[in-house]
Amino acid sequence: MPDSPPPRLFTVTADTLVIVDLDRRAPEPPPHSYRRVLSLPGARAFTAGNLLARLPMGMFSVSAVVMIAGARDSYALAGAVTATGLAATALLAPWIARLVDRHGQARVAVPATLFAALGSLALLLCVHYGAPDWTLFAAYAATATTPNTGGMSRARWNHLLSGDPAALHTANSFEQAVDELCFMLGPAVAAFLCATFFPEAGTLAGVVLLVTGILTFAAQRATEPPPHPRPTAASPLRSPGLPPLLAICLALGAVFGATEVVTIAFADERGHRTAAGLVLALQAAGSCAAGLVHGAIRPSGPASRRHPRCVAAMATLLTLPLLAATVLDSLPLLAAALLLSGTATAPTMVTTMALVQERIPVARLNEGMTLAVTGLLGGIACGSAIGGWTADHASPATGFTVPLGAATTALLIALAAARSRYR
């Protein structure tokens, strides 16, 4: 039965006909609004599952450090174990993503997650019962099979919003805001659980959240992109324009890794090491808020033109933490500077991932986005090492030159890539 016409009141005043529309229905939201994007069938369900699965990504490393350092009285051992897990993730993540592209998200993500959960539980048992140190490395390396949940979620949005770049821009901005939210909450939740209950509480909670989230996410089969068992497309590494983007991801990861280490060192030097987490959370909060605003604004021009501008804004704003640390020598002002500099993070990452999506064939989308994440992880490791070395051998304040230098490097690569494509 067709919808009835909205009620109207007709009246005549002198020689004028007056029509009053009595329909009180709310106006339709714009096609690229968060409300419209999240109202797509199945979108809220897979988003909720993905949020549950993504939160532990910020919990596991903190929980492992607290658990291992508390039981073995060695932060060096704890750091080495988590670094081994990061290296294993860099090696295995693209392979897991390739299997997801070929066989489907549910068929690969669920068993891969269960295997990773067993690795986390094995680490917990090895620490609790005093197993040899080498077992900790083996157990934590097994967690590297955890699938790239953020990449799978972006692949679903790409499938649902194909042909609607404005709505896809909004969805990608939302995903970046979720990343920042998990970055803020994950370490704080892990530290709270480990300190309040027992050292293994953070790992146990992370395993429950991860498995529950992936099972919920995988159950939404209606929104899952179709698999491509025999992709004809070449490796994403051969996609035109992708290698420079991966190099930019490496440089951006160095920004994040170096900023974290030198901020902790700066706060520790002034006797406020416990405040470092709050200071870093403000940077993530600025990025989260900027990501939501960025997604609500309709993008102007192609992503390839916006990208250098976003990276330039990031490099420019990173001068603020350097000035706050070296010239003003103030932790509160450093916190404010990181909050402001964080506003450039989400727009830069959203535009970077949009370019990755544009330049990778759909049949290998998960693999390509995971390569970008792998570049970020590698950059975080390098940035942490360089930032820590600079903080030790120069000063923590001087260490803020490392993220600025990494952002400048990313800008130079972005400008060179843009110029090459223009030619």
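The values are calculated or read from the model by the stated rules, or taken from the named source; none is laboratory data. This is a predicted model, so every value here is computed, not measured. Neighbour counts run over all protein chains shown; Cβ positions are idealised from the backbone, glycine included. What goes into the accessible areas is simple: the full protein's heavy atoms, side chains included, and nothing from ligands, DNA or RNA. Shrake-Rupley method; radii C 1.70, N 1.55, O 1.52, S 1.80 Å.
Of the residues screened, GLY257 is one that is touching a Cys at 6+ places or on another chain (Cβ under 8 Å), modelled with pLDDT under 85, open to solvent by less than 60 Å² (accessible area, probe 1.4 Å) and under 30 Å from ALA109 (Cβ atoms).
Condition check ((1) open to solvent by 60 Å² or more (accessible area, probe 1.4 Å); (2) of a type in the set (S, T, N, Q); (3) not in a helix (DSSP H, G or I)) across all residues:
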position: LEU118; (1), (2), (3): yes, no, no
position: THR135; (1), (2), (3): no, yes, no
position: ALA142; (1), (2), (3): no, no, no
position: PHE183; (1), (2), (3): yes, no, no
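Going through (1) open to solvent by less than 50 Å² (accessible area, probe 1.4 Å); (2) farther than 23 Å from LEU376 by Cα; (3) not in a helix (DSSP H, G or I) one by one, PRO147 falls short only on (2). Testing PRO225 on (1) outside any helix (DSSP H, G or I); (2) surrounded by fewer than 21 Cβ atoms within 10 Å (Cβ to Cβ), one condition comes back false. Which one is that? Of the numbered conditions (1) outside any helix (DSSP H, G or I); (2) surrounded by fewer than 21 Cβ atoms within 10 Å (Cβ to Cβ), the odd one out for PRO225 is (2). Among the numbered criteria (1) under 21 Å from ALA188 (Cα atoms); (2) buried (at least 18 other Cβ atoms within 10 Å of the Cβ), which one does VAL108 miss? Evaluating VAL108 over (1) under 21 Å from ALA188 (Cα atoms); (2) buried (at least 18 other Cβ atoms within 10 Å of the Cβ) leaves (1) as the failure.
How about region 194-204: which of its residues are of a type in the set (A, V, I, L, M, F, W, C) and open to solvent by less than 30 Å² (accessible area, probe 1.4 Å)? Scanning region 194-204 gives CYS194, ALA201.
The condition (being open to solvent by less than 10 Å² (accessible area, probe 1.4 Å), in a helix (DSSP H, G or I) and within 16 Å of GLY291 (Cβ to Cβ)) is satisfied by just one residue among THR348, THR343, THR370: THR348.
Can you work out which of the residues in region 269-282 that are touching an Asp or Glu at 6+ places or on another chain (Cβ under 9 Å) and buried (at least 17 other Cβ atoms within 10 Å of the Cβ) is farthest from LEU355 (Cα to Cα)?
At the first step, the residues of region 269-282 found to be touching an Asp or Glu at 6+ places or on another chain (Cβ under 9 Å) are 270, 276, 280.
Now drop any that are not buried (at least 17 other Cβ atoms within 10 Å of the Cβ), which leaves 276, 280.
Details: ALA276: 33, LEU280: 27 Å.
Here the residue is ALA276.
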